[in-house]
1. Quantify, in whole percent, the carbon and sulfur part of the accessible surface of the stretch 121-191 (1.4 Å probe; protein heavy atoms only).
2. In debye to the nearest 20, how big a dipole does the stretch 115-256 give about its Cα centre with +1 on each Lys and Arg Cβ and -1 on each Asp and Glu Cβ?
3. Could you sort the peptides 178-187, 211-220 by per-residue average Cβ neighbour count (10 Å cutoff), highest mean leading?
4. Amide H to amide H, which residues 5 or more places from R99 or on other chains are under 5 Å from it, using H placed in the peptide plane?
5. As a test of the formula, what do you get for the chain when each DSSP H run with n ≥ 4 contributes -39,500 (n - 2.57) and the sum is divided by the residue count, at 222 nm and rounded to the nearest 500 deg cm²/dmol?
6. State to the nearest 20 debye the size of the charge dipole of the stretch 46-175 about its Cα centre, where the only charges are +1 on K and R beta carbons and -1 on D and E beta carbons.
7. Only Lys, Arg, Asp and Glu count, each charged at its Cβ (+1, +1, -1, -1), so figure out the dipole size of the stretch 9-112 about its Cα centre, rounded to 20 debye.
8. Taking the dipole about the Cα centre of the stretch 10-103, with the C-beta of Lys and Arg at +1 and of Asp and Glu at -1, give me whichever of L97, A43, I76 is farthest to the positive side.
Amino acid sequence: MSESRPPEISQRVALVIQYQGTYFHGWQWQPNYRSVQEEIEKAISTVVGNKVTLHGAGRTDSGVHAAAQVAHFNVISKIPPSKWASILNGYLPEGILIRSSAAVSNDWHSRFDATYRRYRYTLYNEKTPNLFVKPFSWHYYHAPLDETLIAAALQPLLGKHHLTAFHRANSGRKHSWVTVQDVKCYRRGALVHIEIQADGFLYGMVRLLVGMLVQVATGKRTKENFTQIWQQERREEVKYAAPPQGLCLLRVGYDEFPFPPEIWYDSQPLFDFPDNFPDTSVNKNSDNILGEITA
């Protein structure tokens, strides 16, 4: 008598995902456009032979990157949850990488169980272009940026606020309440990094914020004026969005998470620009131009 095969069981698998947004029209499925969710769902379905739905922790816009997006899917399979990362990487296209996979309980949800999302925006504040930072930064060469002014302008955002001023149109979200948990701005040589952590983000929020913060950093707008605009919900005065390639979903936080910190906590590398480089910084007398980036 032949031995019976072990039964295939339903399991919920969590993924930590990296992607280069340049290759995709955002995270979410969209008709006639290539998305990250679509590509991963296709890879899973190829392995198991039936359609599988992938649930992400959050949506990123077209061109925006992710260092540690989190998602989960339900599947009936004998494949150990820890093996899904290496298997899927064999099917995924350039621009997507699964860093790790793990089993989670059937009531764990990548979106609804998340306690925060953290984004990092990177500006390259140097006259000379650099091929190796171009795909992941906004090359802002028009004027020097004062990161201390950005840091000061960010502080009043901490707490729960109605951020209608930074909420783009065409969003399905019915309100603009956001609880901002942490803000940070720092410089590493020619690179200026802005980090914002919140319980959730509005459609287009970070790019609209950065578009105005650049005006603060160049002295074209005071930090007090910046605060008044969002506190008074003057959306009509927020006219520019920073380009998408500088924005990265840095990480998503959970009370219970099956992955070690080295997999997800800070997996977007930071370029190091030594302070003893020759002075090639932007001309302090150059005009302050935000750029042809519209909201």
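1. Values: 2000 of 3540 Å².
Answer for the stretch 121-191 is 57 percent, counting heavy atoms of protein chains only.
2. 300
3. 211-220, 178-187
4. V16, I17, Q18
5. -5000 deg cm²/dmol
6. Computed about the Cα centre, the dipole is about 380 debye.
7. In total the dipole reaches around 220 debye.
8. I76
The values are calculated or read from the model by the stated rules, or taken from the named source; none is laboratory data. Note that the coordinates shown come from a computational prediction; the quantities given were computed from them, not determined experimentally. Using ideal geometry, Cβ is built from the backbone for each residue, glycine included, and neighbour counts are taken over all protein chains shown. We work out accessible area using only protein heavy atoms, side chains counted, and drop any ligands, DNA or RNA first. Shrake-Rupley method; radii C 1.70, N 1.55, O 1.52, S 1.80 Å.
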